[in-house]
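Enquirer: This is the structure, below, for whatever I ask next.
The values are calculated or read from the model by the stated rules, or taken from the named source; none is laboratory data. None of these values were measured; they are calculated from a predicted model. So basically every Cβ, Gly included, is an ideal-geometry build from the backbone, and we count neighbours across all protein chains shown. The accessibility values were calculated without ligands, DNA or RNA, using every heavy atom of the protein model including side chains. Shrake-Rupley method; radii C 1.70, N 1.55, O 1.52, S 1.80 Å.
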Amino acid sequence: MTDALARLPELLLDAVFMVDEGGRIVFVNPACRAIFGYAPEEMIGRIILDFIHPDDKDRTVAEMGHVLNGRPGLGFENRYLRKDGSVAHIMWTARWSPEDRLRIGVAREISERKLAEQRQAGMLALATAAHGADSLPELFRSFDQILQGLLPLRGMVAVLQPGERLAYASTPERAARLDATGWHHVTLSGSGIAFGELRLDLGQHGALSAREIDLLEFTAGQAGAVIERLALHADLAHAARYDELTGLPNRRLFQDRILSAIARCRRGQSRGALLFIDLDDFKQVNDQHGHVVGDQLLHAIARRITSCVRESDTVARIGGDEFVALLENVAGHAQAEALASKIRQVIATPLVLAGRTLQPHASIGIALYPEHGDVIDQLMRHADQAMYAAKAARKAAAD
């Protein structure tokens, strides 16, 4: 029994320290080796602050002062640097012994608990960042900052498929080294589809632990969910403003464009033109050849109209076989009529669809700003009426 009591300091799993008033270690039990990596003789005689993590020294000195003044230290936590340079999280119980003029402390390692807490907090931060991200650069920038505190991360890039498009890089230097060796690759995926990769530069860290791999897989899963969400939102936004069949702006986007165009014309005191384009006898195409051929014809007509206008002009599909062309900085009716004539000729060029030769025709009505109106309804009404007049004249000529 006496031998066991004598050997008690050696049997303890916690490290017991005795430190003098100057902060020099005068005793430490053998448990220090398992916690700090040092043998007792390597620590005795040295200043205890030499072992403390630099970021924790100031508050540790303050805590030491409280203990020296007679207040017991219970549950104080700080970080120490092990002999191999790694970090040990320590919780202290300490008191001052006036008769011995020594500060006596018991150090319990809580690294596993702290790492678990950090990982849990990190995963919460990653999930929160993913939930609030409005763009991929914003998402990956947040992930980079969070992972810096959880991994020995030196840099990160994110690439998306197809074509390995760069979505994010910690620095321009990282962006220039997408194919460099030494990256740790994590696939970004969702719903079974691979969207790209996170590539992390972990330096000389070597093999990742199971916890670190789990953390990166969690990160990749969060990123994949955000990519899906943003892609869905982009698809919905596109579908709300563009015609699915032709890819042209739809009626909603066209109204936004014409409002902006009218405002610019008003400010610049310039003129504009609106062309209302309607395919002749389109119903017969659907009836005789089927809706698939009809859809193919509409798609071809959209490309033909677009080929006739400037990049600054807008072509939109506003109905089944109805298109409009919005032109800015138009000199007058002659310029608008010349473009309308060109569009009629291009549309009338025969084309082969599903083995059938078709020769479509179009009737076009023209409205000029500001002669025929200075608001959307007036311009649309005038162009629509002019189109029907052109259609009636063409039928009368054919008869």
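Enquirer: Given the criterion under 22 Å from Asp384 (Cα atoms) and open to solvent by 80 Å² or more (accessible area, probe 1.4 Å), identify the matching residue among Gln288, Gln269, Gln359, Gln284.
Expert: Gln284
Enquirer: Anything in the range 319-338 that is open to solvent by less than 70 Å² (accessible area, probe 1.4 Å) and more than 43 Å from the chain's Cα centre (by Cα)? List them, or say none.
Expert: Those that are open to solvent by less than 70 Å² (accessible area, probe 1.4 Å) and more than 43 Å from the chain's Cα centre (by Cα): Gly332, Ala336, Glu337, Ala338.
Enquirer: Out of all the residues in the range 191-205, is one or more basic (Lys, Arg) and either surrounded by fewer than 16 Cβ atoms within 10 Å (Cβ to Cβ) or modelled with pLDDT under 85 (or both)? It would help to see each step written out before you state the result.
Expert: First pass over the range 191-205, keeping only residues basic (Lys, Arg): 199.
Filter again for either surrounded by fewer than 16 Cβ atoms within 10 Å (Cβ to Cβ) or modelled with pLDDT under 85 (or both), leaving none.
No, every residue in the range 191-205 fails to be basic (Lys, Arg) and either surrounded by fewer than 16 Cβ atoms within 10 Å (Cβ to Cβ) or modelled with pLDDT under 85 (or both).
Enquirer: Could you look through the range 305-318, keep only residues that are surrounded by 19 or more Cβ atoms within 10 Å (Cβ to Cβ) and outside any loop (DSSP other than H, G, I, E, B), and pick out the one that is farthest from the chain's Cα centre (by Cα)?
Expert: That would be Ile305.
Enquirer: Out of the residues in the range 89-117 that are closer than 15 Å to Ile52 by Cβ, out of contact with any helix residue (DSSP H, G or I) (no Cβ under 6 Å at 6 or more places or on another chain) and of a type in the set (A, V, I, L, M, F, W, C), which is surrounded by the fewest Cβ atoms within 10 Å (Cβ to Cβ)?
Expert: Met91
Enquirer: Any idea which residue in the range 130-139 is nearest to Ala231 (Cα to Cα), counting only those that are in contact with a Leu (Cβ under 8 Å, 6 or more places away or on another chain) and surrounded by 14 or more Cβ atoms within 10 Å (Cβ to Cβ)?
Expert: Leu136
Enquirer: Could you give me the residue pairs with C-beta distances under 6 Å whose first residue belongs to the range 295-324 and is among the aromatic types (Phe, Trp, Tyr), whose second residue is in a strand (DSSP E or B) wherever it lies, and which are 6+ apart or on separate chains?
Expert: Close Cβ pairs (under 6 Å, with a partner that is in a strand (DSSP E or B)) amount to Phe323/Ile277; Phe323/Arg317.
Enquirer: A follow-up question, please. Can you give me the number of residues within the range 53-88 that are open to solvent by 80 Å² or more (accessible area, probe 1.4 Å) and either more than 16 Å from Ile104 (Cα to Cα) or among the charged types (D, E, K, R) (or both)?
Expert: Result for the range 53-88: 7.
Enquirer: Conditions first: (1) closer than 29 Å to Glu77 by Cα; (2) open to solvent by 40 Å² or more (accessible area, probe 1.4 Å); (3) in a loop (DSSP other than H, G, I, E, B). Leu208 passes all but one, so which condition is the exception?
Expert: Here Leu208 clears every test but (2).
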